[in-house]
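> Here it is, the structure, as structure tokens.
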Amino acid sequence: MQRLRVLTAGESHGQRLTAILEGMPAGLFVSAAAIDTDLGRRQVGYGRGGRMAIEADTVAITAGVRHGLTLGSPLCLDVSNRDWANWQEEMSLGPPPEGWESQQAVRVPRPGHADLAGAAKFGHRDMRNVLERASARETAARVAVGAVCRLLLAEFGIRVRSFVTAISGVSGPTEPSGEGFWEAVEASDVRCPDPDAAVQMREAIDAARECGDTLGGTFAVQATGVPPGLGSHTHWDRRLDAALARALMSIPAIKAVEIGEGMASAAQPGSQVHDPLELADENDLWPFRRLTNRCGGIEGGISNGEPLVVRAAMKPIPTLTSPLASVSLDGLQPTEAHAERSDVCVVPAASVVGEAMVCLVLADALLAKFGGDNLMDTRAAYDAYMCRLARLWE
Ligand SMILES: Cc1cc2nc3c(=O)[nH]c(=O)nc-3n(C[C@H](O)[C@H](O)[C@H](O)COP(=O)(O)O)c2cc1C
């Protein structure tokens, strides 16, 4: 991150999640309602477990905004955990009363979760001390941050959306196409616009739930209106593709990220991979157009004016109600892995988190390029740059 800084804090069953977002220019209109919309989108989805029925995420903006506008100071965003009411003793900040014994101690690591590696690293005997933070509940804080970034991007005509391309072996459309595509995505509880594929996805989730199993899948995030020139070829840590890959890979359970055709392009000759250029319409500010967009809108680590397309693959979540074999930390006895209330499939939610991370990376790249302590400065620099682009070829 070059211009923005983000920190999140909070345990899954703690009192609340907190995010601090620093580096936003002053003068951006920010409302809790806009953030709540994205928080709500993260919560829904076929395949989620009981926790999301308890929570009804809303944000409290506690700093960085006055009279609806950002001040240029750090924003503090709080999302309360309703479930905390049921966990106050387990998650108490002070030492427990004498003789108190945890009813929720985790002593048997779940294969695929952070339990064992985290306990070894931090020296915890109760792996709840690991899972409380490894839990993707933390992604609610990121979605709140992403929603603020989305508001900034909207000021420059940049729109970030996502859809689910597959759940386990069931695939839906892989490219956005046709009238009503995005409306159908938002109306679908699996974020798949094809009703037949969506039915099969739900059936696959039901079947997995039935036998105590879990499912992964893939999703795509698309950003339109991205100007050419975000990111840079000049140094590895300024590349936009690298920043996006890192951001998406940081979402729990995401195990692969690709830009554009990604993995598939490795098996094709160059003539089938690179995107030929042609002249755009005379009146277009940017005089180039592509016949295809296989590179996903990024060349040389820089946005090239085409829609940005990023895809991610999510592994099945690790908590199985038919648990895998594990070893108990109590006496090192072979036993079944720990099981607790859990989701069955969260690919739809992960795609909303993916949007948030793309919003964050793009907002950072936009501000790195155009700067500005006030949004008016950012806009002036953006307008000047777009004029320069149009004149560059005269
Ligand atoms: C939105 C979302 C919800 C998740 N819900 C669960 C869950 O209910 N149970 C679970 O075991 N893992 C869940 N996960 C995945 C774990 O958080 C993740 O697998 C774990 O932190 C280990 O990290 P790793 O898979 O990246 O190695 C969820 C992930 C996301 C993105």
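> Test R159 against the stated conditions and say whether it is closer than 30 Å to R379 by Cα and surrounded by fewer than 17 Cβ atoms within 10 Å (Cβ to Cβ).
Criteria met by R159.
> So, A365, is that one within 12 Å of the ligand (Cβ to nearest atom) and either under 24 Å from the mean Cα position of the chain (by Cα) or farther than 26 Å from A119 by Cα (or both) or not? Walk me through it before giving the result.
Working: within 12 Å of the ligand (Cβ to nearest atom): no; either under 24 Å from the mean Cα position of the chain (by Cα) or farther than 26 Å from A119 by Cα (or both): yes.
Against the criterion (within 12 Å of the ligand (Cβ to nearest atom) and either under 24 Å from the mean Cα position of the chain (by Cα) or farther than 26 Å from A119 by Cα (or both)), A365 does not qualify.
> Here is a further query. Every residue in the stretch 147-206 that is part of a strand (DSSP E or B) and among the polar types (S, T, N, Q), please.
Across the stretch 147-206, the qualifying residues are S162, T165, S171.
> Then there is this: Can you tell me which of S232, S250 is out of contact with any His (no Cβ under 6 Å at 6 or more places or on another chain), farther than 17 Å from S303 by Cβ, in contact (Cβ under 8 Å) with a residue 40 or more places away in the chain and surrounded by fewer than 19 Cβ atoms within 10 Å (Cβ to Cβ)?
After ruling out the rest, the residue left standing is S250.
> In the stretch 278-293, is there at least one residue being at pLDDT 95 or above, surrounded by 14 or more Cβ atoms within 10 Å (Cβ to Cβ) and touching a helix residue (DSSP H, G or I) at 6+ places or on another chain (Cβ under 8 Å)?
The answer is no, given that none of the residues of the stretch 278-293 is at pLDDT 95 or above, surrounded by 14 or more Cβ atoms within 10 Å (Cβ to Cβ) and touching a helix residue (DSSP H, G or I) at 6+ places or on another chain (Cβ under 8 Å).
> Ok, one more. Are any residues in the stretch 94-139 away from the ligand (no atom under 15 Å from the Cβ), closer than 28 Å to I251 by Cβ and out of contact with any helix residue (DSSP H, G or I) (no Cβ under 9 Å at 6 or more places or on another chain), and if so, which ones?
R107, G123
> Now for a different question. Test D330 against the stated conditions and say whether it is free of Cβ contacts under 8 Å to residues at least 40 places away in the same chain and either away from the ligand (no atom under 16 Å from the Cβ) or touching a helix residue (DSSP H, G or I) at 6+ places or on another chain (Cβ under 7 Å) (or both).
For D330, the condition - free of Cβ contacts under 8 Å to residues at least 40 places away in the same chain and either away from the ligand (no atom under 16 Å from the Cβ) or touching a helix residue (DSSP H, G or I) at 6+ places or on another chain (Cβ under 7 Å) (or both) - is not met.
> Restricted to the stretch 226-242, and to residues that are in contact with a strand residue (DSSP E or B) (Cβ under 7 Å, 6 or more places away or on another chain) and not in a loop (DSSP other than H, G, I, E, B), which residue is nearest to R110 (Cα to Cα)?
The extreme case among them is D241.
> Going through the stretch 263-318 one residue at a time, which ones are among the small types (G, A, S) and over 30 Å from V170 (Cβ atoms)?
Once the filter is applied, which keeps residues that are among the small types (G, A, S) and over 30 Å from V170 (Cβ atoms), the stretch 263-318 yields G270, S271, A280, G300, G301, S303, G305.
> On the given criteria, is I35 closer than 20 Å to L151 by Cα and aliphatic (A, V, I, L, M)?
Against the criterion (closer than 20 Å to L151 by Cα and aliphatic (A, V, I, L, M)), I35 qualifies.
> Could you tell me whether any residue of the stretch 347-361 is within 29 Å of the chain's Cα centre (by Cα), more than 16 Å from the ligand (Cβ to nearest atom) and of a type in the set (A, V, I, L, M)?
Yes; the residues of the stretch 347-361 include at least one that is within 29 Å of the chain's Cα centre (by Cα), more than 16 Å from the ligand (Cβ to nearest atom) and of a type in the set (A, V, I, L, M).
> What are the pairs, 6+ residues apart or on separate chains, where a residue within the stretch 111-126 that is in contact (Cβ under 8 Å) with a residue 12 or more places away in the chain and of a type in the set (G, A, S) has its Cβ under 6 Å from a residue that is within 15 Å of the ligand (Cβ to nearest atom) and not in a loop (DSSP other than H, G, I, E, B)?
Hits for this filter: A114/V130; A114/A134; G118/V130; A119/V130.
The values are calculated or read from the model by the stated rules, or taken from the named source; none is laboratory data. This one's a predicted model, so the numbers in the text were calculated from it and none came from an experiment. In this analysis, Cβ positions are derived from the backbone assuming ideal geometry, glycine residues included, and neighbour counts consider all displayed protein chains.
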